[in-house]
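Reviewing the structure listed below.
The values are calculated or read from the model by the stated rules, or taken from the named source; none is laboratory data. Just so we're clear, the structure is a prediction, and the values are computed from it rather than from any experiment. Neighbour counts run over all protein chains shown; Cβ positions are idealised from the backbone, glycine included.
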Amino acid sequence: MDAFYASVEQMDCPELQGKAIAVGGDGRRGVIAAASYEARKFGVRSAMSGTYAKKICPDLIFVYPRFARYKEISSQIRKIFFDYTDLVEPLSLDEAYLDVTQNKKNHPSASMLASEIRERIFKEVGLRASAGISSNKFVAKIASDVNKPNGQKTIPPEEILTFLENLEIHKFYGIGKVTTEKMNKLGIFTGKDLKSKSLEYLVHHFKNSGQHYYKIVRGIHNSAVKPHRLQKSVAAEHTFHENLTSEIYMLERLQKIAEELEKRLVKSKVAGKTVTLKIKYSDFTTQTRSKTLSYFIKDKAILLETVKDLLYQDTLKESVRLLGISVTNLNNQTQKNIEIIDVQLAFEF
């Protein structure tokens with residue numbers, strides 16, 4: 001979906017259409033969850049602080065997020081997906097992989113299917129979507145950003161290698177800012193540069209990720225679309241308007257976060273053994289502290305007691321602007337695996 005949260009707000013509130021808006025943030029300490037394309041022209045991006053966003057875009061309008069509404073819209077969109085295939089793997093509320101090799105419409109063209117799905121989303125929901133079409137998830141993901149907003153890009157199998165060779169390295173899905181900078185220092189600026197490096201060279205400089213980089217730049221990515229992907233973590237966090245300097249005040253906030261996390265665990269029908277405390281300091285550095293228990297938990301009281309031990313585990317180095325709690329090592333790992341059958345079919349892109 002194109003600027004999903006912001007687009008929903010503009011659709012529901014016509015007076016916001018055509019204006020620079022940010023979902024989340026408050027002009028002070030908040031962090032932006034999404035920005036409209038009007039705001040993006042000024043450089044406003046998700047994960048940016050509201051203070052900085054307001055500085056670079058003085059007319060920016062902040063909108064409080066309505067996640068219940070976003071989930072409602074997301075459900076409507078997924079119903080459309082399931083009219084075409086049962087192999088739908090959601091990445092988030094606004095993005096999903098669809099395997100349409102064998103589709104319910106018996107349509108021979110993936111590109112035309114993507115166009116039809118996008119048209120239905122606009123007519124039935126009222127929002128714009130973009131799509132990427134290729135023979136594996138990695139390339140399709142990259143392609144989905146090429147003609148945003150409201151566009152699509154098809155990379156057929158015979159064009160994948162050329163496409164990846166000409167791609168700037170920071171546009172590779174999964175290669176973030178830090179890795180991009182490291183690659184640039186090694187003289188890697190494009191896919192062609194990355195492809196010129198041996199497997200041994202990449203493993204030496206990037207450890208386990210080196211083998212992954214070696215494969216993806218050659219168009220090798222065999223991950224199947226997994227419609228029943230298991231949830232791996234449940235979390236809750238909060239950014240404060242004023243920095244916290246006392247553990248007493250932090251425990252008060254952590255109690256509320258633990259209560260919210262318990263609600264999310266109950267709703268997800270899971271419990272976990274590993275509890276992690278996330279601390280973001282005033283200098284924006286982040287620290288995590290974890291503890292694994294011998295039993296599954298979801299009770300807020302046990303969560304708080306565990307987090308309390310983690311909080312006092314070490315001295316805080318700065319005042320704190322964000323606290324979060326997450327639970328991993330969940331008890332949903334015993335669900336029956338879904339058998340994936342590889343199918344070779346003649347299929348047009």
So how many residues does the range 168-187 have that are within 12 Å of residue 142 (Cβ to Cβ), assigned to a helix (DSSP H, G or I) and in contact (Cβ under 8 Å) with a residue 12 or more places away in the chain? 2
Would you point out which residue out of 306, 286 is crowded, with 20+ Cβ neighbours inside 10 Å and assigned by TED's automatic domain parsing to the domain that holds residue 238? 306
Those residues of the range 191-219 which are out of contact with any Lys or Arg (no Cβ under 9 Å at 6 or more places or on another chain), touching a residue at least 40 places away in the same chain (Cβ under 8 Å) and outside any helix (DSSP H, G or I), in sequence order: 219
Tell me whether the range 84-107 contains one or more residues that are of a type in the set (A, V, I, L, M), modelled with pLDDT under 95, under 19 Å from the mean Cα position of the chain (by Cα) and in a loop (DSSP other than H, G, I, E, B). yes
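Okay, residues lined up against (1) touching a Phe, Trp or Tyr at 6+ places or on another chain (Cβ under 6 Å); (2) over 30 Å from residue 296 (Cβ atoms); (3) in contact (Cβ under 8 Å) with a residue 24 or more places away in the chain; (4) not aromatic (Phe, Trp, Tyr):
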position	(1), (2), (3), (4)
146	no, yes, no, yes
161	no, yes, yes, yes
189	no, yes, no, no
230	no, no, yes, yes
241	no, yes, yes, yes
Does residue 68 qualify as being small (Gly, Ala, Ser) and closer than 23 Å to residue 230 by Cα? yes
